[in-house]
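Here is the structure we will look at.
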Amino acid sequence: MGARVGEGSTAGPGARAESRRAALRDCGLSAGADPGMDRFARLVTRLLDVPAAAVVLVAEDRQLLPGLSGLDVPRVTSLGESLCWQTVPAAEPMAVADVETDARWSAHPAVGAFGVGAYAGIALTDSDGNVLGALCALDGVPREWPADALRDLADLAAACGAELRLRIATRRSGRTRALVEDADRRIAEQARGELARSRLLLRAAEDLADATTLADVRRQLRNLVASDLEPAYVGLTVVEGRRVRRLVDTLNREPVEEFETYDLDDGWPSARAARDSEIIVINGAYDLVDGGYSEDTVTAFTAHGLNTAICVPLPGTRLPLGSLILGWSAPRRIDVTEKALLTAVAGYVAHAVERALYVDERVGVAHELQRAMLTELPPVTGLELAGHYRPAAAGQLVGGDWYDAYPLPGHERVLAVTIGDITGHNTAAAALMGQTRSMLRQADVDLLGTDPASAVSALERANDALGIGASGTLVHAHLRPLDGGRWEFAWTNAGHLPPLVRRPGGEIRQLDENDVMLHYALTQRPRTTRRITLDPGSAVLLYTDGLVDRAGGDIDADIAAVAELFAGYDGGPLDGLLQVVADRIGGPGPEDDIALLAVRVPGR
């Protein structure tokens, strides 16, 4: 996209052309790559989720591309291949969802040269209104351009244009040895102020893009505005139904955050900002009193020593999501420019909050689904059972870890137990886990009287024959009562971590023997069933790799640490043992899901 050369100036054609040539020259951009312009192109691909973007400057005889992302093309092309050939108003973005169906674009050489299927762009101008080029977003296939995406592109184009204008002002100031005239100084200062604001918006777009939890958003917001705006207090609230929840700063709890939740109709400026979609500015405690706000508001305001505050609503898809609050100890004049800046920042914060709320909801639902798929352990005469599941930390959803225990029908007091881990950390892995668990149960029922290895082999045959594609590791075992209160533990290990057996005196044995893992691409190999006898007072601990396999860790050392905890087990409730093992070895925020299953033969 772009505008006609020189559009925006009131001078004659010759003067406009010369002014534009001078501005392009003073940008200081050559035929090579420019790190700053490349950064703008990368931000476009990231924020608009497009495969390619470009910063384009159009000279009289050629097109320069100082900023590129996702395009392997020369940095200098002919005007016949210009992405900015189309004449549109400079103040409005241009968006083409499908260039092949657009008569203006379908036959243009730029479409084929750059592999353009869809295009959006907005003009870049100098201080005199000359259009120098455009910031463009490109896709190789047709796509729609939502309004919020075009707003993000416009914000980035404003920042990019400010960068160009500052470079022009700086180069022009540097060429003269005389004192810069007042008008030139004002232009440079204006450009610096505009650039500072634009850079704040760029940081907001960049820093908040990766925030996936509300705590991340709160932390990034505090870090974002602290250096530029220097507020004494930074707050963030979210609306939950008719209640407002203040996101507490975990590093430095402020007096105002003692009022952690309140009603949306309560007398708080932040509540009114969200309720009425209105920016609220407070200049001194008298404004709170005169404005009819609550006594709690005045108490919190004065306890923090604030003099000026602003509450900006966070725009949501239908209703405001909450409020952004900034407060200063000294009097501060908040003008239209600063309100506009904070409104733009609030827009980026709102995007991050919506994303975090969506992820939180998905994680919560997914973890409930995972727990619902886990077995309710059956009562078994002569055995004690306990299971424990701990989901991975933030950013993960469900996984393929599971434990299972069920009596074998027709075989008095024979119990089948399984611990397993299907490859993957998503709903697909959870679905495969559910299928694998069901198939293994079916194999045990169909092959009553056989051993665990036979059941696992039958599972593999079904996995292969039905094209299910499950892969992973597991330990499958049968516990059969013997005379004298003893139990036989017969197991087969398909590439899983070694079960730990605790003898009555505290001695730990690792059952290291194992066969190959489950994998649909591996030729099925014989499975081995091994047996040991569990005396009264013995216990078996089964676990998945999320407990002991961490990036940069030592899996053998962690297994040894689990064994040490297990050896010190005093015979108390098994649930307590599993909780201690998960807390001390896995930690509160494990990198991977953790499943634990323990079986104990009560002592005499």
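The values are calculated or read from the model by the stated rules, or taken from the named source; none is laboratory data. The structure presented is a predicted model; accordingly, all values stated were derived computationally and were not measured. Positions of Cβ are generated from backbone atoms using ideal geometry, with glycine treated the same way; all protein chains shown enter the neighbour counts. The area values use the complete protein model at the heavy-atom level, side chains included, leaving out ligands, DNA and RNA. Shrake-Rupley method; radii C 1.70, N 1.55, O 1.52, S 1.80 Å.
Other residues with beta-carbon under 15 Å from the beta-carbon of residue 491 carry, at +1 per Lys or Arg and -1 per Asp or Glu, a net charge of -2.
With an 8 Å cut-off on Cα pairs and a minimum separation of 6 or more residues, tell me the relative contact order of segment 18-128 in percent. That works out to 19 percent.
For segment 429-495, what relative contact order do you get, as a whole percent, if you take Cα pairs closer than 8 Å and at least 6 residues apart?
28
Averaged over residues, the count of other Cβ atoms within 10 Å places the peptides 149-155, 495-501 in the sequence 495-501, 149-155, highest first.
Charged side chains reduced to their Cβ positions (Lys and Arg at +1, Asp and Glu at -1) give segment 530-604 a dipole of some 500 debye around its Cα centre. Taking a Cβ cut-off of under 12 Å around residue 460, the surrounding Lys, Arg, Asp and Glu residues balance to a net charge of +1, with basic ones at +1 and acidic ones at -1.
Once the dipole of segment 25-137 is set up with Lys and Arg at +1 and Asp and Glu at -1 on Cβ about the Cα centre, which of 112, 96, 45 lies farthest towards its positive end? Going by the Cα projections, it comes out as 45.
Neighbours of residue 142 by Cβ distance under 9 Å: Lys/Arg scored +1, Asp/Glu scored -1, total -3. Using a simple spin-label model with pseudo-atoms 7 Å out from Cα toward Cβ, residue 503 and residue 554 lie 2.6 nm apart.
Basic side chains Lys and Arg get +1 at the Cβ, acidic Asp and Glu get -1 at the Cβ, and with that the dipole of segment 484-527 about its Cα centre reaches some 100 debye.
Kindly identify segment 549-604 as rounded, prolate or oblate by the Cα gyration tensor criterion: order the square roots of the eigenvalues as a ≥ b ≥ c, call it rounded if a/c is under 1.5, otherwise compare a/b with b/c, prolate if a/b is larger, else oblate. Could the numbers behind the result be given before it?
Details: a/c = 2.60, a/b = 1.84, b/c = 1.41.
It comes out prolate by the Cα gyration axes.
Can you give the relative contact order of segment 480-557 as a percent, counting alpha carbon pairs under 8 Å and 6+ residues apart? Relative contact order for segment 480-557 comes out at 36 percent.
The candidates 287, 593, arranged from most to least accessible area with a 1.4 Å probe in the full protein assembly, appear as 287, 593.
Using only the C-alpha atoms, the convex hull of segment 270-357 corresponds to 100 Å³ per residue. Distances between every pair of Cα atoms in segment 436-567, grouped in 10 Å steps from 0 to the bin holding the largest one, split as 12, 37, 33, 16, 2 percent.
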